[in-house]
Amino acid sequence: MHAFEYASPTTLKDAMALLGSSWADAAVLAGGTDLISAMKDAVETPKRVVNIKGIKDLGGVAKKGSSLRIGALATFDDLANNAVLRNEYPSIHKAVLGVNSPQLRNMGTAGGDLCQRPRCWYFRTGNGLLGMKDGKSLVLVGENQYHAIFGSGNTQFVSPSSLGPALVALGAKLTLVSAAGSRTVGAEEFFMVPSSDSERETALKPGEILTEILVPAAAGKNSTYEIREREALDWPLATASVVLTMKGASVGSAKVVMGHVGPKPVVSAEAAAFLAGKTITEEIAEQAGAAAVKGAKPLSKNEYKVQLAKVAVKRAILQAAGKLA
């Protein structure tokens, strides 16, 4: 790991003053579960590390008007033990419980989860965000079994965020603050698909800090279903977050979002359109899963993820409808 300056401000104003105009100037340290490993891998090489853990205003989980405010520094343990999340936002709560490690839950934060860098091993070993060497994609011809089935060109990494799909499905808003002021970005727009190594995979800019997540009142039944190789200390292979707004016994409208299958959470308009007006049965849920993966383009070694994503969508729908434990 390279040498760097270290600062630990106690106010947001002081923290922003310590950031720079480029990613090389400074990095924000929250839980540190991703940043430290990225620095060890030389993926991140900031001149200064700004520890924001001492800024008390950035923590907590509480009602804010009709919305739920999740502070960027709220830990996964805070989220796991929150009764409002458990009762009203099971899609978020189930995603949190999927991080089945006490150590990670105690250190990892909501903001850090959204801002973490991709886990692509080509990226982590120095071949750039898109995994290129000599102008050619290492991913497309190499070990791509954990990569995207909804990739775009040479962009084939998967978004590693556990909370992202659920927040996109629920229509959450993120507050980003810099010395120039604050701005609000929808969770769906926060995640980006870069087309070059000079771009980033989120809308966060140098000098900005993600301060809070605002989740609107849950308007429908919601759930998240994740599929992993192992129960603990592992990223999912495929996930699905679903929100069903019911109209009597049938679905009035739906939102279906898949995770860990594309560079950003994948919103399936096809599955949502199929579900509208339907009564949820196992057959309908299975057909919605098939609609969700219709546009998948698997790579040479990850075709299995198409079936996993289909199953994740099916089971998330059944869970949201109360027909699967």
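Overview of results
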item: Difference of contour (0.36 nm per residue) and Cα-Cα distance, Ala24 to Ala180; result: 54.2 nm
item: Ranked list, fewest to most other Cβ atoms within 10 Å of each Cβ, for Lys94, Lys323, Lys247; result: Lys247, Lys323, Lys94
item: Of Val251, Val141, Val215, the one that fluctuates the most in a GNM where the chain has Cα springs shorter than 10 Å; result: Val141
item: Length-normalised contact order of the chain in % [C-alpha pairs under 8 Å, at least 6 apart]; result: 17
item: Packing-based exposure ordering (other Cβ within 10 Å, fewest first) of Glu286, Glu303; result: Glu303, Glu286
item: 0 to 90° range, to nearest 10: angle between helix 282-292 axis and the chain longest Cα axis; result: 50
item: Helix axis angle, 304-320 relative to the chain longest principal axis, alpha carbon, degrees; result: 70
item: Karplus-derived 3J(HN,Hα), 6.51/-1.76/1.60, for each residue of segment 109-124, Hz, glycine and proline x; result: 10, 4, x, x, 4, 6, 9, 5, 7, x, 8, 3, 5, 5, 5, 6
item: Residues with amide H under 5 Å from that of Gly108, placed H, sequence gap 5 or more; result: Phe76
item: Cα-derived Rg to Rh of the chain, Kirkwood definition; result: 0.96
item: 17 Å tail of the calculated P(r), segment 141-223, as % of Cα pairs; result: 57
item: Cross-link pairs Lys63/Lys305; Lys247/Lys310; Lys221/Lys294 - those with Cα-Cα distance over 29 Å; result: Lys63/Lys305
item: Pairwise FRET efficiency - Asn81 versus Lys323, Cβ, R0 = 35 Å, nearest 0.05; result: 0.80
item: Of Gly181, Gly59, Gly259, the one that fluctuates the most in a GNM where the chain has Cα springs shorter than 10 Å; result: Gly181
item: Contour excess over end-to-end distance, with Cα ends at Tyr6 and Glu143 and 0.36 nm allotted per residue; result: 45.6 nm
item: Cα-based convex hull volume of segment 221-320 per residue, rounded to whole Å³; result: 91
item: Relative exposure of Phe157, Phe274, judged by other C-beta atoms within 10 Å (fewest first); result: Phe274, Phe157
item: Rounded to whole Hz, the Karplus (6.51, -1.76, 1.60) HN-Hα couplings of segment 218-225, x for glycine and proline; result: 5, 8, x, 6, 9, 6, 10, 10
item: Check: the chain dipole with +1 on Lys, Arg Cβ and -1 on Asp, Glu Cβ, in debye; result: 520
item: Where N is the number of residues in segment 262-325, Cα Rg divided by 2.2 N^0.38 Å; result: 1.13
item: Student exercise, segment 221-320 dipole from Lys, Arg, Asp, Glu Cβ charges, in Debye to nearest 20; result: 240
item: Estimated inter-spin distance, Ala217 and Thr125, nm [label 7 Å along Cα→Cβ]; result: 5.2
item: Additional length obtainable on full extension of the chain from Ala249 to Glu270, 0.36 nm per residue less Cα span; result: 5.5 nm
item: Highest-MSF residue in the chain out of Ala249, Ala74, Ala296 [GNM, Cα springs under 10 Å]; result: Ala249
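Just so you know, all these numbers are worked out from the coordinates, no wet-lab data involved. Everything numeric in this text was worked out from a predicted model, so none of it was measured. When we count neighbours, we look across all protein chains shown, and the Cβ atoms used for this are built from the backbone with ideal geometry, even at glycine.
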